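The values are calculated or read from the model by the stated rules, or taken from the named source; none is laboratory data. Keep in mind it's a predicted model, so treat the numbers as computed, not measured. Neighbour counts run over all protein chains shown; Cβ positions are idealised from the backbone, glycine included. Only protein heavy atoms, including side chains, enter the accessible area calculation; ligands, DNA and RNA are left aside. Shrake-Rupley method; radii C 1.70, N 1.55, O 1.52, S 1.80 Å.
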Amino acid sequence: MLDFLKLVETFERHGVTFVSSPSVQHDELDGRLTLNMLLSFAQFEREVIGERIRDKVAASRKKGMWMGGWTRSL
């Protein structure tokens, strides 16, 4: 989230306009609040997806399923 905010600040210094959908006025106080909330939810979703994937891989390994990678020649 901090990286994105620094990127927006860099855009502003160089006169680049950030366009988003839905439209958020990031140069106003309420727009920055909205943007921070959206970024927080996006980070939460990434973490939830990662957790689900780790749980799925662990369950598959427990069942003895092959989880990818190189196979060994016998």
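Could you state the angle between the C-alpha long axis of helix 2-13 and the longest principal axis of the C-alpha atoms of the chain, as a value from 0 to 90 degrees rounded to the nearest 10?
30
Report, in debye and to the nearest 20, how large the dipole of the chain comes out about its Cα centre when Lys and Arg carry +1 and Asp and Glu carry -1 on their Cβ. All intermediate terms of the calculation are to be shown ahead of the outcome.
Working: 11 positive and 10 negative charges, 191 e Å.
About 920 debye.
What number comes out for accessible area per residue over the stretch 1-53 if the probe is 1.4 Å? Units Å², please.
Result: 83 Å² of accessible area for each residue.
How far, in nm, would the chain grow between MET67 and ASP55 when pulled straight, counting 0.36 nm per residue and subtracting the alpha carbon separation?
3.1 nm
Output the 0 to 90 degree angle, nearest 10, between the alpha-carbon long axis of helix 29-62 and the longest principal axis computed from the alpha carbons of the chain.
Compared with the principal axis, the helix lies near 0 degrees.
Which length gain, in nm to one decimal place, applies between GLU12 and PHE44 when the Cα-Cα distance is subtracted from 0.36 nm times their residue separation? The partial results should precede the final answer.
Values: separation 32, 0.36 × 32 = 11.52 nm, distance 2.68 nm.
The span from GLU12 to PHE44 would gain 8.8 nm if fully extended.
Along the positive direction of the dipole of the chain (beta-carbon charges: Lys, Arg +1; Asp, Glu -1; about the Cα centre), which of VAL24, THR10, LEU39 reaches farthest?
LEU39
Mind sorting out which of (i) -0.28, -0.78, -1.10; (ii) -0.23, -0.73, -1.22; (iii) -0.51, -0.83, -1.12 is the real log10 I(q)/I(0) by the Debye sum over Cα atoms at q = 0.11, 0.19, 0.24 Å⁻¹ computed from the coordinates?
Label (iii) holds the value from this structure.
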